[in-house]
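Engineer: My questions will all concern the structure given below.
The values are calculated or read from the model by the stated rules, or taken from the named source; none is laboratory data. All of these numbers come straight from a predicted model, not from anything done at the bench. All Cβ positions, glycine included, derive from the backbone under ideal geometry; neighbour counts span all protein chains shown.
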Amino acid sequence: MNLLPLEVLPGWPEPAPMSDLHMWLLLIIGPLAFGLVVTLIAFAPKLARGTSTEGSVPARALEPRQE
């Protein structure tokens, strides 16, 4: 599976053909893994704090009062 022809300048050695696995890693898996790492770094402070109930309204306060 060669998407692009491997052309080189005259006098340069011919490159080795790329395998399908290498193409998947380079074009699909690599960018997804990089995006996952960036996302985890961006959300790390929130994930480290966990869910906080401080400042939130309890569920009982939202229900209508029965008199």
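Engineer: Looking only at the stretch 20-57, filter to residues that are among the charged types (D, E, K, R) and part of a helix (DSSP H, G or I); which one of those is modelled with the lowest pLDDT?
Structural biologist: Result: 49.
Engineer: Which of the residues belonging to the stretch 15-44 are surrounded by 11 or more Cβ atoms within 10 Å (Cβ to Cβ) and among the hydroxyl-bearing types (Ser, Thr, Tyr)?
Structural biologist: none
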